[in-house]
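Engineer: Supplied in structure tokens, the structure appears directly below.
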Amino acid sequence: MLKKLDKLILKAFAGPFLLTFAVVQFILLTHTLLKYLDDIIGKDLGTGVLLQLLFYFSVLIVPVSLPLAVLLSSLMTYGNLGEHHELTAIKASGIALTRILRPVLLLTTGLAIGAFWFNETIVPKANLKAYSLLWDVRQQKLALDIREGVFYSGIPGYTIKVDKKTGENGDRLHGVMIYDHTQKSGNATVMLADSGRMFTTLNGGYLNLELFHGHNYIEQPDSRDRAGASFVRQGFDHNVITFSLASFSLGRTKEDLFKENRMMLNITQLRSATDSVQKKMHAEQRQLPQQMNAYYTFARFDTTGRRANQKVANLQVPATKLAPVTVSILQQAGNRARNLQAFANSTSERLNDYARNSALFRIEVYRKYSQSVAVLLMFLIGAPLGSIIKKGGLGVPILISILFFIVYYVLSIMGEKYGREFVMPVGVGMWMSNLVLLPAGLFFLYQAYNDSGLLEMDFWRRLPRRLGIPALRKITEPEEEFVA
């Protein structure tokens, strides 16, 4: 019977989980692509490049969408069981709530372990592929777009202006003006044509401009210093100019140049990078007193080193033996003080950079653990809460899931920011969202286990007794007796 019960619960959980996971993936993928929409639109990337970007970014958001999918699907599963009185029937047969939660709990534990492996192995490789491709996309020029009445300089070495474009695809040109800058002599070479036709050859690798009824104007180099400039004028009835479009093709950068980024590293590599940064920072701190010693000149009269162990107060020179204070001495002292201040500021900024880089590496390490544990946490919140509210479908569960996920997401962002800015330790900041929501999950589990409502006060009445605090009894004062 119990095996059939496990199959029933797992089957009821599988459908909502797959559905919600797909929906959450689509929503988060759309949100991610909207951030890079300006870098993608208008560059004629092709279907292959767009599909690669979609695939890589969909892989990257799996660790984020998995906790939300578990929260929503567990709410829907146990809410449906409670709404159709199946949960009540199972409890009436003598099966505890913890036993009802066990099959999905084991499955969620497997999902958490799989999420950690995925975050450790697949996500760094997907980050490398996605952001190296995105870098190349950002460096690519916009697709060829020659507009009417606007000078277009997207083709290297040329500036093109067209008065009017006609035809179905805008390939018929009227009033064409082309400046040739390939000789790096300014606007010395100009081509004018009454009309023309634009088309590409060799799979879009070259752009051909077929011009009709025009002239070439070439200014002579030796005529610029004279009062009257001279130039060469050549007429033509038909002329074809070919431009290379190699600068519009997507060039791929070597992925090895991106491998040192913290998003492309696993836990072992992140810890190694953290140790190297810490060693550099500690070495800088140890060398700081010796470097600052060059800016001070006190007690330099002791050239023998015999008084090195004496206190500075014992090495003071009497005022009668000191040279009089002059303007030059004051200027030297001011220059030394300013140099020391500049050195201290630069060293402080460098040490802060080391500390910030170390914190960023540790943030990535804690992120891999905290996102995996969040899968179990969301189940701990969703399953008991679903059995309490006893509402399935997509109405109430979605509202509750969005509420808890917003709280989780905001706390995660705040914790990461506080850890990065040294407001709190990095570990505390990255685990803050899980630690804050854990009591809520335990409270919902307690309420569901005791068949209590969501906001019933029975829990608060039992809490002092469980903590060993004697309950407060109402003290009634005895009534006074009046003697007649």
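The values are calculated or read from the model by the stated rules, or taken from the named source; none is laboratory data. Source: prediction; values computed, not measured. All Cβ positions, even for glycine, are placed from backbone atoms using ideal geometry, and neighbour counts span all protein chains on display. Accessible surface is based on the protein model in full, side chains and every heavy atom, while ligands, DNA and RNA are left aside. Shrake-Rupley method; radii C 1.70, N 1.55, O 1.52, S 1.80 Å.
Engineer: Extension gain THR326-ARG338, at 0.36 nm per residue separation less the Cα-Cα distance, in nm? Let's see the in-between values first.
Structural biologist: Values: separation 12, 0.36 × 12 = 4.32 nm, distance 1.86 nm.
This chain segment gains 2.5 nm when fully extended.
Engineer: Residues of the stretch 79-211: accessible area per residue at 1.4 Å, in Å²? List each step's numbers first, then the result.
Structural biologist: Values: 6940 Å² over 133 residues.
Per residue, the stretch 79-211 has an accessible area of 52 Å².
Engineer: Could you please report the charge total around PHE116, scoring K, R as +1 and D, E as -1 over all other residues with beta-carbon less than 14 angstrom from its beta-carbon? Show your work: numbers first, answer last.
Structural biologist: Working: positive: ARG367, LYS368; negative: GLU120, GLU364.
For residues surrounding PHE116, the net value is 0.
Engineer: Could you tell me the relative contact order of the stretch 2-129? Use alpha-carbon pairs under 8 Å, at least six residues apart, and round to a whole percent.
Structural biologist: Details: 60 pairs, mean separation 53.8, N = 128.
For the stretch 2-129, the relative contact order is 42 percent.
Engineer: Quick one: which of 82-90, 334-342, 426-434 comes out on top by average Cβ neighbours within 10 Å, and what's the full order, highest first? Let's see the in-between values first.
Structural biologist: Details: 82-90: 15.2, 334-342: 11.3, 426-434: 20.7.
Order by mean packing, descending: 426-434, 82-90, 334-342.
Engineer: Could you work out the relative contact order of the stretch 85-191, using alpha carbon pairs under 8 angstrom and six or more residues apart, expressed as a whole percent?
Structural biologist: Numbers: 84 pairs, mean separation 13.0, N = 107.
Computed over the stretch 85-191, the figure is 12 percent.
Engineer: Length gain on complete extension for the stretch MET424 to LEU51, per 0.36 nm per residue less the alpha carbon to alpha carbon distance? Before the final figure, lay out each step's value.
Structural biologist: Numbers: separation 373, 0.36 × 373 = 134.28 nm, distance 4.06 nm.
Once the chain is fully extended between MET424 and LEU51, it gains 130.2 nm.
Engineer: Further, regarding this structure: Top to bottom by accessible area (1.4 Å), largest first, where do HIS213, HIS282 land?
Structural biologist: On the way: HIS213 100, HIS282 80 Å².
The ranking, largest first, comes out as HIS213, HIS282.
Engineer: Quick one: plug the Kirkwood hydrodynamic radius of the stretch 159-203 (C-alpha pairs) into Stokes-Einstein at 10 °C, 1.306 mPa s, and report D in µm²/s. It would help to have the intermediate numbers written out before the result.
Structural biologist: Details: Rh = 11.7 Å.
D = 136 µm²/s.
Engineer: Still on this structure: Let me check I've understood the local charge: for THR201, count other residues with C-beta under 15 angstrom from its C-beta, Lys and Arg +1, Asp and Glu -1. What total comes out?
Structural biologist: -1
Engineer: Turning to a different aspect of this structure: What is the Cα centroid distance between the stretch 339-403 and the stretch 258-278, reported in whole angstrom?
Structural biologist: Here the two parts' Cα centres lie 19 Å apart.
Engineer: Out of the total accessible area of the stretch 335-407 (probe 1.4 Å, heavy atoms of protein only), what percent is carbon and sulfur?
Structural biologist: On the way: 2030 of 3360 Å².
Here carbon and sulfur together make up 60 percent of the probe-accessible area.
Engineer: Give the carbon-plus-sulfur fraction of the accessible surface of the stretch 1-156 in %, rounded to a whole number; probe 1.4 Å, heavy atoms of protein chains only. The partial results should precede the final answer.
Structural biologist: Working: 5510 of 8020 Å².
For the stretch 1-156, the apolar C and S fraction of the accessible surface comes to 69 percent.
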